[in-house]
Amino acid sequence: MSEKRCYTVQELQEILGVSRPTIYNLLKQKEFRWIQLDDGKYRISKKSFDDWLDNLEQ
């Protein structure tokens, strides 16, 4: 099985321990790369999210 390349909104909620609206605010602020699928669901680039998270403290 290949390595995961995207996160869902729910996965980010669990990783960060924040609410769904907080994740949507981060998406609006373009804190990391994401796409919106035809069904309206979001997929967030794992690499861009991980890079963002790793650099928060700097």
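Using the heavy atoms of the protein chains alone and a 1.4 angstrom probe, what is the accessible area of region 4-58 per residue in square angstrom? Write down the numbers at each step before the final one.
On the way: 4070 Å² over 55 residues.
About 74 Å² of surface per residue is accessible.
What does the charge count around Cys6 come to, taking other residues whose C-beta lies under 12 Å from its C-beta (Lys +1, Arg +1, Asp -1, Glu -1)? Write down the numbers at each step before the final one.
Details: positive: Lys4, Arg5, Arg33, Lys41, Arg43, Lys46, Lys47; negative: Glu3, Glu11, Asp50.
Charge balance near Cys6 sits at +4.
Give me the aspartates and glutamates in straight-line cross-link reach of Lys47: C-alpha distance below 15 Å, same-chain residues under 8 apart excluded.
Glu3, Glu11, Glu31
Could you give me the ³J(HN,Hα) list for region 35-40, computed from phi with Karplus coefficients 6.51, -1.76, 1.60 and θ = phi - 60°, whole Hz, x at Gly and Pro?
10, 10, 7, 4, 7, x
List the residues whose amide H sits under 5 Å from the amide H of Trp34, counting only those 5 or more places along or on another chain, with H placed 1.01 Å from N in the peptide plane.
It is Ser45, by chain and number.
Of the peptides 51-57, 41-47, 11-17, how do they stack up when ordered by the mean number of other Cβ atoms within 10 Å, highest first?
On the way: 51-57: 10.0, 41-47: 15.6, 11-17: 13.7.
Final packing ranking: 41-47, 11-17, 51-57.
Please compute the length gained on full extension between Cys6 and Leu53, using 0.36 nm multiplied by the number of residues separating them and subtracting their Cα-Cα distance.
Numbers: separation 47, 0.36 × 47 = 16.92 nm, distance 1.45 nm.
The span from Cys6 to Leu53 would gain 15.5 nm if fully extended.
Please give the net charge around Arg43, taking every other residue with its beta carbon less than 12 angstrom from that of Arg43, where Lys and Arg add +1 and Asp and Glu add -1. List each step's numbers first, then the result.
Details: positive: Lys4, Arg5, Arg33, Lys41, Lys46; negative: Glu11, Asp38, Asp39.
Once all neighbours under 12 Å are counted, the net charge is +2.
With a 1.4 Å probe and every protein chain kept in, tell me what percent of the accessible surface of the chain is carbon plus sulfur. Let's see the in-between values first.
On the way: 2170 of 4540 Å².
Answer for the chain: carbon and sulfur cover 48 percent of the accessible area.
Relative to 2.2 N^0.38 Å, what does the C-alpha radius of gyration of the chain come to as a ratio? Two decimals please.
1.10
Would you kindly derive the ³J(HN,Hα) couplings of region 20-28 from the backbone phi angles with the Karplus curve 6.51 cos²θ - 1.76 cosθ + 1.60 (θ = phi - 60°), listing them in order in whole Hz, with x for Gly and Pro?
My calculation for region 20-28 gives 4, x, 4, 5, 4, 5, 4, 5, 4 Hz in order.
The values are calculated or read from the model by the stated rules, or taken from the named source; none is laboratory data. Note that this is a predicted model, so its numbers are computed, not measured. FYI the Cβ positions are ideal-geometry reconstructions off the backbone, even for glycines, and counts take in every protein chain you see. Heads up: the accessible areas ignore ligands, DNA and RNA and are worked out on the full protein's heavy atoms, side chains in. Shrake-Rupley method; radii C 1.70, N 1.55, O 1.52, S 1.80 Å.
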